[in-house]
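All remarks here apply to the structure that follows.
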Amino acid sequence: MNSSTPLGPEVKGFFDEDTNTVSYVIKDPTSAACAIVDSVLGFDPAAGRTSTTSADQIIRYVKDRRLTVEWIIETHVHADHLSAAPYIQAAFGGRLGIGAKITLVQEMFGKIFNAGTEFARDGSQFDRLFEDGDCFEIGALHGHVMHTPGHTPACMTWIIGDSAFIGDTLFMPDYGTARCDFPGGDARALFRSIRRIFALPAQTRLFVCHDYLPGSRTRYAWETTVQDERINNVHAHEGIDEDTFVRIRQQRDSELSMPRLILPSIQVNMRAGHLPKAESNGLQYLKIPMNVL
């Protein structure tokens, strides 16, 4: 899916079908400057092997167009795919950014995974930690961030011109909203975050992080608008009050299984996409905490 408008960035989406994740290249229409959002490192949990197939598609796209990567952005610490941020950063440079509340996620999951004192819980694995309202640039494009917790404590919406990259906070209107049953999740916080997004101009383009192809559709989609979400979101459309939303969200969460890749994903993503350090035998390991999630 390609989108461009004089009021905002040129946007190219890359869909990783194995994890139902959409990564984005956001380009300044007046220069070669770009940012990459929510990249994917493939992972086979049965073999314990990573792959760069999805990230390589983005790298080829950027190289073919001779773009300059200024930012590598994570909307949050993902629980359904590993980040390819270090791999892409090694290819292009650029600064890695995430919300400042990453420290809460690191503290929480550092304990769950017994990560030890060698695992820094201060967000120092990232180049910049963004607070609510902070600004940034991609070439001549001006952007700012909005803290939108609920799915996780660290979720951020990245607003650039007429476009907003909303992570898992909202999905396409016919699929609804993010789950809130992970450690640190909060359905009431999510409701309030969604209302902040709904307060953006009606024609703001919203780019979601996942699509799971509900039965009413035959094609994956990942771009919608504030107005469409306000009217049609099956969980959070205008007219739904907070208590009703919380009841809907908690009932839905009680029916969901944990994501297939949650344990490897969080261990890697809380480290900004890096695998844990190699042990004395030169091999790297991921842990499986028992009976916790």
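The numbers here are math on the coordinates, done by the rules we state, and not lab data. Treat the numbers as computed from the prediction; the structure is a model and nothing was measured. Here the Cβ positions follow ideal geometry from the backbone for every residue, glycine too, while neighbour counts run over all protein chains shown.
In segment 99-202, Rg over Rh equals 1.01, where Rg is the alpha-carbon radius of gyration and Rh the Kirkwood radius from pairwise Cα distances. A Gaussian network model of the chain, with springs between Cα atoms under 10 Å, assigns the largest mean-square fluctuation among Glu137, Glu74, Glu279 to Glu279. If you take the Cα centroid of segment 270-293 and the Cα centroid of segment 211-256, the two points sit 34 Å apart. When peptides 141-149, 96-104 are ranked by their average number of other Cβ atoms within 10 Å per residue, the highest-first order is 96-104, 141-149.
Summing Lys and Arg as +1 and Asp and Glu as -1 over all other residues whose Cβ lies under 12 Å from the Cβ of Glu255 gives a net charge of +1. Remark: segment 211-255 projects, on average over all directions, an area of 3.8 nm² (convex hull of Cα atoms). Computed across segment 138-293, the Kirkwood radius stands at 17.1 Å (inverse of mean 1/r, all Cα pairs). Each peptide in 234-244, 11-21 gets a packing score, the mean of other Cβ atoms within 10 Å over its residues, and the list from highest to lowest is 11-21, 234-244.
Given segment 9-266, what percent of its DSSP beta bridges are antiparallel, to the nearest 5?
70 percent
The lysine pair tally for segment 9-266, using Cα distances under 25 Å and a gap of 8 or more places or different chains, is 4. A convex hull fitted to the Cα coordinates of segment 239-293 yields 123 cubic angstrom per residue. Footprinting exposure proxy ranking of Ser193, Ser265, fewest other C-beta atoms within 10 angstrom first, gives Ser265, Ser193. Mean sequence separation of contacting Cα pairs (under 8 Å, at least six apart), scaled by the length of segment 9-266, corresponds to a relative contact order of 17 percent.
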